[in-house]
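Novice: This structure is in structure tokens; I'll ask about it shortly.
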Number of protein chains: 2
Amino acid sequence: MKVIKSISKLRKELQKGRDKKETIGFVPTMGYFHKGHLSLIRCARRENDIVVVSIFVNPIQFGPHEDYKRYPRNLRRDALLAREEKVDYIFCPNVNTMYQSPHHTFVNVEKITDILCGLCRPGHFKGVTTVVSKLLHIVQPDNAYFGQKDYQQFVVIKKMVEELNIPVKIKLCSIVREHDGLAMSSRNVYLKPKERIRALALYASLCRARHLIKHGERNPQKVITEMKKILEKNFNKIDYIAILNPDGFDSIKRLRGKIFIGVAVYIGKIRLIDNIILKVK
Amino acid sequence: MKVIKSISKLRKELQKGRDKKETIGFVPTMGYFHKGHLSLIRCARRENDIVVVSIFVNPIQFGPHEDYKRYPRNLRRDALLAREEKVDYIFCPNVNTMYQSPHHTFVNVEKITDILCGLCRPGHFKGVTTVVSKLLHIVQPDNAYFGQKDYQQFVVIKKMVEELNIPVKIKLCSIVREHDGLAMSSRNVYLKPKERIRALALYASLCRARHLIKHGERNPQKVITEMKKILEKNFNKIDYIAILNPDGFDSIKRLRGKIFIGVAVYIGKIRLIDNIILKVK
């Protein structure tokens with residue numbers, strides 16, 4: 001496994017593989033790996049000849065009062081884990097390599113970035129699509145892997161790739177959960193022991209929704225009301241509870257077909273998100 | 001020469017060449033070829049194994065009151081001319097092929113698109129960068145060719161390509177002029193005979209600027225004042241007269257090194273632009 005910081009060096013290395021008709025799988029991350037990242041890497045490993053993982057805490061997707069500086073980092077540990085998963089290249093550029101100031105070019109997907117997580121994080125998705133488009137141009141992978149945990153991010157990136165004709169397949173991998181159900185997240189390290197327990201209510205609310213729907217409830221508002229009861233008891237602020245069409249986040253009047261149920265809450269200043277996707281008969 | 005409307009067909013054709021390690025030169029155009037286009041095509045022909053020319057009148061770079069519908073088109077004539085220049089592929093997609101409505105993804109270069117031609121054409125460059133990024137993803141050329149006539153467009157696209165790490169070389173080709181000095185433009189067909197004569201004042205003002213600078217003038221304001229005298233006599237509206245640094249359009253206090261002199265005027269509703277780039281000792 002090679003750890004590379006330079007764009008031109010990475011390109012040179014990957015060209016060798018491309019010349020041999022080897023396929024490239026790419027997992028863009030902000031590092032501080034948990035089992036969610038590792039499942040993305042394993043998926044890429046299974047499906048490609050070469051696996052590239054980028055580790056880059058992207059400043060432009062953080063708001064001015066968000067946790068860019070505090071965001072957990074541990075390149076040494078990440079490299080050890082990546083090596084165990086038989087990653088071929090870690091690409092970990094400096095901020096100056098990615099953004100030669102002043103940077104003025106942005107990729108933006110309008111409309112679907114104004115809702116859900118985009119509503120309380122203005123500019124977040126613009127930062128994500130810009131950095132992902134840069135990384136896709138640098139790595140030029142055949143396949144790129146994203147986690148369902150950030151489901152809106154997946155939809156936004158899939159739309160960007162389709163509408164800009166970027167030649168890559170975007171793949172979605174399931175959420176990996178702790179044994180008690182909490183979705184894996186690099187930000188879980190922020191939680192104090194008592195908060196860690198309360199955080200379980202997030203997935204519990206989603207399980208409650210699934211249970212209600214399984215037993216015949218088809219009115220999304222009634223499902224949301226029940227979820228709200230669980231969330232209100234445990235979190236000081238609910239950001240959103242949403243039941244929407246998973247393809248373009250259109251609203252749903254009556255539950256049928258594929259549906260996305262997403263929640264976002266705050267414990268103190270820590271923002272937690274989770275979601276499930278169901279098929280309703 | 002093949003004329004192709006489908007993205008997947010073009011990609012399949014070009015992949016054959018790429019597999020043989022052939023280089024691809026790309027000339028994006030809106031068609032209605034004049035000698036300016038042909039000089040771009042010749043440049044691409046000299047420097048590449050395969051030449052792709054796109055012909056697409058891009059609706060999203062026109063303002064609501066601009067000439068999208070009226071813009072001159074003649075695919076049959078363009079194809080004949082392209083064949084003479086030994087073009088390999090003409091890519092001429094339909095609007096629905098390029099923009100599957102609703103289209104929400106845009107590439108934008110901020111700041112340098114707010115000045116000069118961007119000031120009176122809000123959204124124009126956003127439309128240009130979006131379509132060019134799409135075309136670059138479709139064609140994946142080694143080299144792409146742009147004319148100096150739209151010099152701001154060249155600077156904006158060069159910046160986009162650099163800041164998004166798009167793997168392509170952007171090349172600039174000189175302005176081609178009519179025998180009397182008028183810069184070639186598809187929009188010149190809009191000019192009535194008397195307007196065609198008055199239009200010469202555009203290049204005359206640039207020649208006057210060059211003359212003044214050659215004879216020692218180093219104050220940009222004095223040069224602009226002299227240019228204005230020529231332009232005011234001939235046009236009902238001057239949009240801008242600008243003397244700037246050609247790399248990022250920074251302002252210049254004293255003329256030295258490489259300088260960009262650009263003008264934009266209106267004859268009736270017809271907007272004409274022209275520019276020169278000088279090296280001042």
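Throughout, read-outs are computed from the coordinates displayed, never taken from laboratory work. Every value quoted in this text rests on a predicted model; they were computed, and no experiment measured them. Neighbour counts are summed over all protein chains in view; Cβ atoms, including those assigned to glycine, are modelled from backbone coordinates with ideal geometry.
Novice: Do the alpha carbons of any pairs in B:Lys111/B:Lys237; B:Lys253/B:Lys279; A:Lys111/A:Lys169; A:Lys126/B:Lys111 sit beyond 20 Å of each other, and which pairs?
Specialist: Over 20 Å apart, Cα to Cα: B:Lys111/B:Lys237; A:Lys111/A:Lys169.
Novice: Would you mind checking the radius of gyration and Dmax of the stretch B:82-169 based on alpha-carbon positions, in Å?
Specialist: When restricted to Cα atoms, the stretch B:82-169 yields Rg and Dmax of 14.1, 40 Å.
Novice: Taking amide H atoms as placed 1.01 Å from N in the peptide plane, list the residues 5 or more away in sequence, or in a different chain, whose amide H sits under 5 Å from that of B:Tyr240.
Specialist: B:Ala264
Novice: Next question, about the same structure. Using a 7 Å offset from Cα along the direction of the beta-carbon, what are the separations from A:Glu22 to the same position in each other copy, nm, ascending?
Specialist: Nearest first, the other copies' label points are 2.8 nm away.
Novice: Something else: Skipping prolines and chain starts, which residues have an amide H placed within reach, meaning under 5 Å, of the one on B:Lys169, given they are 5 or more residues away or on another chain?
Specialist: Amide H neighbours of B:Lys169: B:Asn143, B:Ala144.
Novice: Sticking with this one: Hey, for B:His103 with labels 7 Å out along Cα-Cβ, what do the inter-copy distances come to in nm, ordered shortest first?
Specialist: Copy-to-copy label distances at B:His103, shortest first: 2.6 nm.
Novice: Further question on the same structure: Can you compute the helix-only [θ] at 222 nm over chain B? Use -39500 (n - 2.57) per DSSP H run of at least 4 residues, normalise by all residues, nearest 500 deg cm²/dmol.
Specialist: -11500 deg cm²/dmol
Novice: Could you give me the ³J(HN,Hα) list for the stretch A:172-178, computed from phi with Karplus coefficients 6.51, -1.76, 1.60 and θ = phi - 60°, whole Hz, x at Gly and Pro?
Specialist: 9, 10, 4, 5, 9, 10, 5
Novice: Provide an ascending nm list, one decimal, of label-point separations from A:Leu80 to the equivalent residue in each further copy; define each label point as 7 Å from Cα along Cα→Cβ.
Specialist: 7.3
Novice: Let me check I've understood the local charge: for A:Phe33, count other residues with C-beta under 13 angstrom from its C-beta, Lys and Arg +1, Asp and Glu -1. What total comes out?
Specialist: Within the 13 Å Cβ shell, the charges total +3.
Novice: With θ set to phi - 60°, apply the Karplus curve 6.51 cos²θ - 1.76 cosθ + 1.60 along the stretch B:159-167 and write out the HN-Hα couplings as whole Hz, x wherever there is a Gly or Pro.
Specialist: 5, 4, 4, 5, 6, 9, 6, 5, x
Novice: Looking down the axis that turns B into A, which residue of B has the closest beta carbon, and how many Å out?
Specialist: Residue nearest the B-to-A axis, with distance in whole Å: B:Val107, 3.
Novice: Any idea what log10 I(q)/I(0) is at q = 0.14, 0.16, 0.22, 0.26 Å⁻¹ for the stretch A:186-275, Debye with uniform C-alpha scatterers and no solvent?
Specialist: -0.49, -0.63, -1.04, -1.31
Novice: Determine the percent antiparallel among the DSSP beta bridges restricted to the protein assembly as shown, to the nearest 5.
Specialist: 55 percent
Novice: Work out the P(r) tail for the protein assembly as shown: percent of alpha carbon pairs separated by more than 46 Å, whole number.
Specialist: 25 percent
Novice: Note down the relative contact order for chain A as a percent, whole number, built from C-alpha pairs under 8 angstrom at least six residues apart.
Specialist: Rounded, it is 17 percent for chain A.
Novice: Go through the stretch B:15-32 residue by residue and turn each phi into a ³J(HN,Hα) via Karplus (6.51, -1.76, 1.60, θ = phi - 60°); whole Hz please, and just put x for glycine and proline.
Specialist: Per-residue couplings from phi come out as 4, 4, x, 4, 5, 8, 6, 7, 8, 10, x, 10, 10, x, 9, 9, x, 6 Hz.
Novice: Ok, one more. Summing Lys, Arg as +1 and Asp, Glu as -1, what charge do residues with Cβ under 13 Å from the Cβ of A:Asp150 carry, A:Asp150 excluded?
Specialist: Once positives and negatives cancel, what remains is +4.
Novice: For chain A, divide the Cα radius of gyration by the Kirkwood radius and give the resulting Rg/Rh value with two decimals.
Specialist: 0.97
Novice: Work through the residues other than B:Arg77 whose Cβ is under 14 Å from its Cβ and net out their charges, Lys, Arg +1 and Asp, Glu -1.
Specialist: +1
Novice: Between the stretch B:49-106 and the stretch A:1-79, how many Å separate their Cα centres?
Specialist: Here the two parts' Cα centres lie 37 Å apart.
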